[in-house]
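Let me begin by presenting the structure, written as structure tokens, before commenting on it.
Bear in mind these aren't lab numbers, they're just calculated from the coordinates by the rules spelled out. Remember, predicted model here, so these are calculated numbers, not experimental data. Reconstructed Cβ throughout: ideal geometry from the backbone, glycine too, with neighbour counts over all protein chains shown.
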Amino acid sequence: MRTEIPLVEAHAINTYAYCPRRCYYEYVERVFYHNVYTVHGKLLHEHVDRYGQEHRGERQVIRSLFFRSEALGLVAKCDIVEEENGRIYPVEYKRGKIADWENNHLQLCAQALLLEESMGHQISTGYLFFYGSNRRLKVDFNSDLRQKTLKVVESIRDLYQEPTPPDGIDEWSRCKHCSMVDYCLPQDRKKLRGKVQWERFI
């Protein structure tokens, strides 16, 4: 039984919301495989992964800032933190085309919670930047999103006490693009699950 629970990484929140089983593999078992999508994302992130500061018009941009909070049980690296007209907000970079997916919102909200604790005042919005569309998507950090984010943090913390992985999404249309598909073997597990259930009746 695992007793030492590390701080939850903001990216783990994104992973858990996409598939709890993948989150267990990556953050509890510490197993990770790359595929073309993860490598592409890593290459695109090379610039924002290097710490630096610059001005873009009226905006001050700081890249690759780390935050941690024992109180929140969270740790995160913000791709970008921007300040414009006294307003500070996080910007998270994503490789694909613009899409309104909740798992990305949850990850960004976790970054905002850490920024809030660090600065001492509330952050109402942030942005997701999508390389594939070269566009930003505004995310409002409302009470519902904040509560969901904290709930996922607790769910991830619970994973560290589990001896086996939880169920996955097991949707082949999504699983086939996952870098962990050959480790997770969702189709094989599905076949075995059906066989075990049938053998119970024999």
Give the aspartates and glutamates whose C-alpha is closer than 14 Å to that of Lys94, dropping any in the same chain fewer than 8 places away, or say none.
Glu46, Asp49, Asp79, Glu102
Given the -39500 (n - 2.57) contribution per DSSP H run of 4+ residues, what per-residue ellipticity at 222 nm results for the chain, rounded to the nearest 500 deg cm²/dmol?
-11500 deg cm²/dmol
Return the percentage of antiparallel bridges among DSSP beta bridges fully within the chain, rounded to the nearest 5 %.
80 percent
Tell me whether segment 43-125 comes out rounded, prolate or oblate; compute the Cα gyration tensor, take square roots of the eigenvalues as a ≥ b ≥ c, and use a/c under 1.5 as the rounded threshold.
rounded
Can you list the residues, at least 5 places off or on another chain, whose amide H is less than 5 Å from the amide H of Ile98, using H built in the peptide plane?
Ser133
About its Cα centre, the chain carries a charge dipole, from +1 on Lys and Arg Cβ atoms and -1 on Asp and Glu Cβ atoms, whose size in debye to the nearest 20 is 720 debye
XL table Lys77/Lys176; Lys97/Lys138; Lys77/Lys138; Lys151/Lys176; Cα-Cα > 24 Å flagged, in table order, is Lys77/Lys176; Lys151/Lys176
Gain in span if fully extended, Gln60 to Tyr160, counting 0.36 nm per residue against the direct Cα distance:
32.1 nm
Relative contact order of segment 49-168: what whole-number percent is it, with Cα pairs under 8 angstrom and at least 6 residues apart?
19 percent
